């Protein structure tokens, strides 16, 4: 072509001769404004700044190239697959412009070797090449226009590096990829049916949305549940890659869930048994204050009857002691040696009163005295 011949002559006067040649081998034509392409190959980790002190990197060109690439690939797919439905065309375009595909293209074309970045970032950012490819498309659009972008994609990419037919009919299971990622990161993922309606021709349309740790993810629509779930999973994967805030929210929700699972859901029941069978003094006093006077009388009489035996025993003991003392007084005085073995107080003759008579007399006296004192202290109704 004439423009390539002229650019080749100018190449001898260029300072960045190696970069011109490298870009020519990638694009198939020489760049005009080399500064745009230098910016397209500048990763943000390089921390370069322009004259005004603003960061100089390929993020803005990446944004522009992403939009241009969608339009160009959509145009190519639309013309290549005549009569195919919208869902098929959308899936085919997505397979071509997805980050994995673009990253492989950048590696195969040698574009990844031209990226300027810090060594740490290049080894940890697996999609740096794909981002640079989008920035390159944006640079071509600014430098040469839309037609050169179309020529680049048709003749250099789809004609030499990508078989569009194989890509279109290759089954990419985005749902499986999302579930696999969720399992590795222990994130809960759920596909929820939002809506199910029909088109004018009666074809059913399903709308699904992905929820990750109850955080809203991508939404997908399709003519089957599988198609709509695949679309929702694909959108969610793109959000995880392009929206750091989304993935931060997901892991924050996961942290709250795991913390709640470690804590007890409810208070653990107390295992100590209440000793209700133990009657305390407070309960006894409360019961006494609430009882009727008749019940108090019965309790008093029961207490008198209960203490009767002990009282009678005391009286019998005292009576016997007095009798022994009286007997000792009437006995003649003897020597201490004789008294030690004296058995004269042991006799078979009965005493003046029998034991039964003494108990009966003491019992009658005690009952009479106690009953009179109780009835005098309690003002009992007649």
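Please verify whether residue 217 is under 28 Å from the mean Cα position of the chain (by Cα) and outside any helix (DSSP H, G or I), treating the condition exactly as stated. Considered against the rule, which asks whether it is under 28 Å from the mean Cα position of the chain (by Cα) and outside any helix (DSSP H, G or I), residue 217 comes out as yes. Flag set for residue 147, criterion: within 17 Å of residue 28 (Cα to Cα) and out of contact with any helix residue (DSSP H, G or I) (no Cβ under 7 Å at 6 or more places or on another chain). Determine whether residue 33 is under 50 Å from the mean Cα position of the chain (by Cα) and either in the same structural domain as residue 151 (by TED's automatic domain parsing) or at pLDDT 85 or above (or both). No; evaluated as a whole, the condition is false for this residue. Exactly one residue among 108, 82 is out of contact with any strand residue (DSSP E or B) (no Cβ under 8 Å at 6 or more places or on another chain) and without any contact (Cβ under 8 Å) to a residue 40 or more places away in the chain, and that residue is 82.
Quick check: anything in the stretch 200-207 under 28 Å from the mean Cα position of the chain (by Cα) and surrounded by 13 or more Cβ atoms within 10 Å (Cβ to Cβ)? Yes - at least one qualifying residue is present in the stretch 200-207.
The combined condition, being more than 21 Å from residue 228 (Cβ to Cβ) and buried (at least 19 other Cβ atoms within 10 Å of the Cβ), is fulfilled by residue 65. Looking at 184, 155, just one residue is in the same structural domain as residue 75 (by TED's automatic domain parsing) and out of contact with any strand residue (DSSP E or B) (no Cβ under 8 Å at 6 or more places or on another chain), and that residue is 155. Number of residues in the stretch 39-63 that are out of contact with any helix residue (DSSP H, G or I) (no Cβ under 7 Å at 6 or more places or on another chain) and either at pLDDT 85 or above or not assigned by TED's automatic domain parsing to the domain that holds residue 139 (or both) equals 3. Of all residues in the stretch 91-110, those satisfying the criterion of being in a helix (DSSP H, G or I), in contact with a helix residue (DSSP H, G or I) (Cβ under 9 Å, 6 or more places away or on another chain) and exposed (fewer than 15 other Cβ atoms within 10 Å of the Cβ) are 100, 107. Of all the listed residues (77, 73, 97), the sole one being without any contact (Cβ under 8 Å) to a residue 60 or more places away in the chain and either touching a strand residue (DSSP E or B) at 6+ places or on another chain (Cβ under 9 Å) or not assigned by TED's automatic domain parsing to the domain that holds residue 231 (or both) is 97.
The values are calculated or read from the model by the stated rules, or taken from the named source; none is laboratory data. All figures in this text were calculated on a predicted structure; none of them were measured in a lab. All Cβ positions, even for glycine, are placed from backbone atoms using ideal geometry, and neighbour counts span all protein chains on display.
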